Every structure is written in C-alpha cells, then in structure tokens.
1. Leaving out ligands, DNA and RNA but keeping every protein chain, what accessible area does His198 have, in Å² rounded to the nearest 10, with a 1.4 Å probe?
2. Keeping every protein chain in place, order Thr311, Thr142, Thr223 by accessible area at 1.4 Å, biggest value first, i.e. largest first.
3. On average, how much accessible surface per residue is there in the range 116-215, in Å², for a 1.4 Å probe, leaving out ligands, DNA and RNA?
4. If you find the alpha carbon centre of the range 93-154 and of the range 161-230, how far apart are they in angstrom?
5. Given 0.36 nm per residue, what is the gain on full extension from Ala201 to Ile154 after removing their alpha carbon distance, in nm?
6. Using a 1.4 angstrom probe on the protein heavy atoms only, could you order Ile285, Ile23, Ile186 from most to least accessible area?
7. Leaving ligands, DNA and RNA out of it, report the carbon-plus-sulfur percent of the accessible area of the range 84-166 at a 1.4 Å probe.
8. May I ask you to derive the FRET efficiency for Ala136 and Leu318 from their Cβ-Cβ distance with R0 = 41 Å, giving the value to the nearest 0.05?
Amino acid sequence: MPRRWGFLVRRLGFYLAAAWSAITLNFFLPRLMPGDPSAGIVDKLQRVSGQQVSPSALESIQRVFGEPDANLGRQYLDYLGQLAHFDLGISVSNYPVPVSDLVWQGLPWTLLLVGSTTVIAFVLGTGIGAVAGWKAGGRFDTVVSPLTTFISAIPYFWMALLGLWLFAFLLGWFPLAGGYDADIPIGFSPSFLLSVLHYGALPAATIVFSAFGGWLLGMRNMTVTTVREDYVLLAQAKGLSSRRVMLRYAARNAVLPNFTGFALALGHVVGGALLTEVVFNYPGIGYLLYTSLQQRDYPVMQGVFFLIMLTVLLANLLADSVYALLDPRIREGG
C-alpha cells in the first residue's frame, strides 16, 4: 500500500474511534443532567390542565421519549440503532415534530450565514496577510497589522451588539432580528432572496469583520518567516517577478497552516453560530440549540450535538487528507 493511502487509512481509523467516543458521550451527557424529557412534558401538561397525568398517559409519554429507569445498555443499543436509521428522536418542545426536521430547517440558514462568511473572512485575511508579510515593516504593514490586532481583541458579542444598536436600532438600515421578512412567502422568488440578504447582511458583516483579523495575522507571520527561506531567495536571484515569487513560492507554502485552520473552521460552521444567531435571533442551528437549552428539549440538544460532532470530525479528516497531499513530510512521518 502506498504511504499516502496508508497514512489516510490510519487517520480514518482514528476518526472512526473518535466518532464512536463522541456518540457515546452524546448518549450519556443528557442522562447525567437532572430530570428527563418525559418528566418535563408531564410537568407542562399538569401546569396547563391543572390535573395529575394518568399512569397510562405517563407510560405512553415514556415510550416515546425514553424510560428513565430502563436498562442503560438497552437504551444505548436503541440509541445506536436510531442513529443508524438517522432517527434523532422527537422534539419535546415542538411535539410531535421530529428532531431531524428541525435540524434540516435550521441547517441551511447556518450554512448560508456562517459558511459564506468563513470563506470570505479566510480569503480576505489570507490575501491581505500575504501582502503585509511580503513587505513586512513597510507602510502598509505598519498600518494594517496594529489595526488588525486591535480589532481581533474586541469581543465578538460586543461588536455584534454595537453593530445591532448602531445600524439596526439607531439608523434603521437593517432589521433588528430574524432571517427574512415574515410577510414574504418562503421560496426562491427575488423578493424573498433580497429579504434574506437584507436580514443577513449585518450579522454576516460582523462575523467577517471580527474573524478576518486572525487569518490576516497568521498569514502575515508565516509569510515573514517564509520569505527568508532558501527557495524564495533562489527564486528572487533567478530574476522572477516579485508577484510570482510571492504567490508561487512564499504564499503557497505560508498558507498551509492557514489552510488547516480553515478546514477546522468549516467543521465549526454548524456549532460556531450560536452567539451570532442568539444576538440577531437568526433562525439557524445555533438559535435552535439555544432555545432547546432554555426549554430543556434533550432530544434536540442531542441531535444538534451529534451534527456538530459529525461536521467537526469530517472537517478534521478533510484537513488531514489535504495536508498530507500538499506536504509529503506529513505522510512520511504519519
């Protein structure tokens, strides 16, 4: 077996073991929390009706949401069987809507907002960082690097709240909350798409503004180190243009750590939107997780955690695979 494929097979085995560990942890965490889903439903029914829930009704509820006193091993096997059939259970707070339906409703919004802004921030930060690092100490670098360091030090939630207050509340340029105009039917009509862009512009801008600085500084520092390498000096000695040396020799090698970080950032797209979506009441996975925590909706929490775990592991596997293809030293030592 070639070294490249041997490395990938070993990494795949590692990630399969990591996935099993995460699934097991996802199974036990809700069961370590106080109460259980059926108890929450019973409490809600008793508050609404003012009467005690009958034993037969309690038994029916427990059959749907799990029996807390059932054998733990049997529960674990049932849980694995449900996952094998992509069954994430039934939502407590939105009964009888399946968790998978809620997840698939929120996922496109999160991918649209956080996925696109992650790519934009990476491209902007990496490109500007390469230019700043190539002319380190120059006028451009002297202005950009300290300013970016200052921006990166600002907490995101503060920046988001400030943007919401200034551009939505004070100036009224953007909506205060939501992902689209509720008066417009959902579809691919121009009016609905424009509404989505209007509602998503402010949260997207705050994400890009707060995130691109990290990519910029990382790329700038790696470029400063790379321009001193022998192969870059040799390319300059051959008389190649500065642009070609920067792009083909310096930036191409300096971008490797940033690329790994980018692959990992893509894995956190699903789970990394929590703060953004809570601040802007944006209807994605992060806001779904926030509301499920408030309502103690354990099946939804479990389903979202499972989705986050899956995307993070897949992104890590992708990063390892691409990194091994780009840098032979990784697979030789792996």
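1. Accessible surface of His198 is approximately 80 Å².
2. Correct descending sequence by accessible area is Thr142, Thr311, Thr223.
3. Details: 5610 Å² over 100 residues.
Averaged over the residues of the range 116-215, the accessible area is 56 Å².
4. 8 Å
5. Value of the extension gain: 14.9 nm.
6. On the way: Ile285 0, Ile23 35, Ile186 120 Å².
Output order, biggest surface exposure first: Ile186, Ile23, Ile285.
7. In the range 84-166, the share of accessible area belonging to carbon and sulfur is 76 percent.
8. Once the sixth-power term is evaluated, E becomes 0.85.
The values are calculated or read from the model by the stated rules, or taken from the named source; none is laboratory data. All values derive from a computational prediction rather than experimental measurement. Glycine also receives a Cβ, built like all others from the backbone with ideal geometry; neighbour counts cover every protein chain displayed. Accessible surface areas use protein heavy atoms only, side chains included; no ligands, DNA or RNA. Shrake-Rupley method; radii C 1.70, N 1.55, O 1.52, S 1.80 Å.
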